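Written out below as structure tokens is the structure these notes cover.
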Number of protein chains: 2
Amino acid sequence: MPDKKITADCSSCTLAKRCLPSGIPVTDLYRFTNIVSTNQTFSTGDVLFKQGVKAANLYVVKTGAFKTQIINQFGDAHVSGFYLSGDIIGLESMAGGVTLNSSIAIEPSLACKISYRPLALLRREFPSLSDLAVKIYSQALATTQDTQNCLSIHSAPSRLAQFLILFSQRTNQLSYQQSDLHLNMSRQDMASHLGIAVETVSRSFTKLIDSGCITKTGRLIQIIDRTGLEKIAQCSSY
Amino acid sequence: MPDKKITADCSSCTLAKRCLPSGIPVTDLYRFTNIVSTNQTFSTGDVLFKQGVKAANLYVVKTGAFKTQIINQFGDAHVSGFYLSGDIIGLESMAGGVTLNSSIAIEPSLACKISYRPLALLRREFPSLSDLAVKIYSQALATTQDTQNCLSIHSAPSRLAQFLILFSQRTNQLSYQQSDLHLNMSRQDMASHLGIAVETVSRSFTKLIDSGCITKTGRLIQIIDRTGLEKIAQCSSY
DNA sequence: GCATAATATTGATACAGATCATTTCTTCTA
DNA sequence: TAGAAGAAATGATCTGTATCAATATTATGC
């Protein structure tokens, strides 16, 4: 019974404690695993969903990373967010019925797909799942506020510094002092997300390195002086 | 029994259809009115809640307008959002237990206060209220994404144009083509929210007026050429 | 209705970052 | 491993916006 094996995966998943199953009593977990398609594989550039189509699913990132982007009428894309292990994609389109953005894998990734409808039914049945939903949404809102705050910072190096701080907080939630971070996204994606030119991203990296706050080898960043980085991030924000 | 009169207010409220009561069966509405402090009055500058204190309440704007702002360690304030009639304030702090921003009235206003705790109990009891919560959160996320998108626009006039479009969509949800809009906030607040200098806000207004897209008398804006305004908004966004 | 303060606009200048061009580095494939 | 294609960094120039200063307009209290 290979099917059962796949859908029964949630109980042994390393993310289970942070993910939606934590909202369901262990004895009823099978109810949840029935509505999940676990561990779907995505290569870099693969699309989870396109902007403007019927919104039908949530995706939980298991490994790897995704971005969401919004494309306006002139075809300009803006990267609205990055999603890492444990993050949930598709929350903002649940009410409207139409996807507000596209979601794309930015490295080889695994994600679990959950349909809106059966999830809503489960939520109605299990109050603890309803509580979890509110908690997840509340945190998602807090995260977008952080991002928004970051975008309101003026100088490019400050904005990049703030981005690195936020990113390191998200990737190293367990050990805040962990200083290594792997930037999964291209400079192009970072530039779009931060609202600055690609070249300016590079130059800003150079400045952060010269100031002695970070080191960089490829896409691997090491934060040497977190306090210094925070000082740079706090300059010239409205 | 004046107390009863006040708490029984929701059934006759003009916002009831958009507000939380719509998630509760009419026959049980009294359960909801019991946990609401309706029509609390606020003068310009009055504070709903301060950043960094215990988060305990949601506020629904009945009339008037509020802003939320985040203050960093250096005392720089960033206006993260504006809240108008029907909007709900305090959603993002529900999970963490601590307020992530301050909320301040920007004109004489009325707001209804709802405590988190009893609301959560009601939500567990009424699945339709749980559905509504998800819908409200989803829409709130969509709104912040709009804002974020706006902040990623480069040129100041484009950003202002986009802000005006979004603002008019929010204030005139019923009649999209309505072209009058009253900007409740000061130039300072707009500047902070848009991440540009106050002077640049003024200059950008002048440009929008010169281009023939809008007219302006004080804080009252009239959109003359919506298509033109949208074109300006779409220029030079990443 | 006037005086004062607060808010908003306009002007002049300097600088940060966009843009285009070029070089260096990295990654992928044969 | 070499070569090609892509991504990232660096350089030079020019434009847009921040900043500081001054003026105009709108609100507010007496």
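The values are calculated or read from the model by the stated rules, or taken from the named source; none is laboratory data. All of these numbers come straight from a predicted model, not from anything done at the bench. Positions of Cβ are backbone-derived with ideal geometry, glycine not excepted, and every protein chain shown enters the neighbour counts.
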Residues that are away from every other protein chain (no Cβ under 13 Å) and at positive phi: does the stretch B:74-91 have at least one?
yes
Of the residues A:186, A:152, A:204, which single one is within 16 Å of DNA strand C (Cβ to nearest atom), crowded, with 21+ Cβ neighbours inside 10 Å, within 14 Å of chain B (Cβ to nearest Cβ) and of a type outside the set (A, V, I, L, M, F, W, C)?
A:152
Out of all the residues in the stretch B:97-110, is one or more touching a Cys at 6+ places or on another chain (Cβ under 9 Å), without any contact (Cβ under 8 Å) to a residue 60 or more places away in the chain and either of a type in the set (Lys, Arg) or in a loop (DSSP other than H, G, I, E, B) (or both)?
no
Can you find a residue in the stretch A:151-163 that is within 14 Å of the chain's Cα centre (by Cα) and either over 23 Å from residue B:90 (Cα atoms) or within 12 Å of DNA strand D (Cβ to nearest atom) (or both)?
yes
So in the stretch B:47-75, with the set limited to residues that are under 18 Å from the mean Cα position of the chain (by Cα), without any contact (Cβ under 8 Å) to a residue 60 or more places away in the chain and not in a strand (DSSP E or B), which one is surrounded by the fewest Cβ atoms within 10 Å (Cβ to Cβ)?
B:50
Failed item in (1) surrounded by fewer than 18 Cβ atoms within 10 Å (Cβ to Cβ); (2) part of a strand (DSSP E or B); (3) not acidic (Asp, Glu), with residue B:212 passing the rest:
(2)
Pair list, Cβ under 6 Å, 6 or more apart: the stretch B:122-143 residue more than 7 Å from chain A (Cβ to nearest Cβ) and touching a residue at least 60 places away in the same chain (Cβ under 8 Å), other residue of a type in the set (Lys, Arg) and assigned to a helix (DSSP H, G or I)
B:129/B:123
Please determine whether any residue of the stretch B:206-229 is of a type in the set (Gly, Ala, Ser) and at pLDDT 95 or above.
no
Output the number of residues of the stretch B:180-209 satisfying the condition of being outside any helix (DSSP H, G or I) and small (Gly, Ala, Ser).
3
Does residue A:45 satisfy the condition of being away from every other protein chain (no Cβ under 12 Å), over 22 Å from residue A:19 (Cα atoms) and touching a strand residue (DSSP E or B) at 6+ places or on another chain (Cβ under 9 Å)?
yes
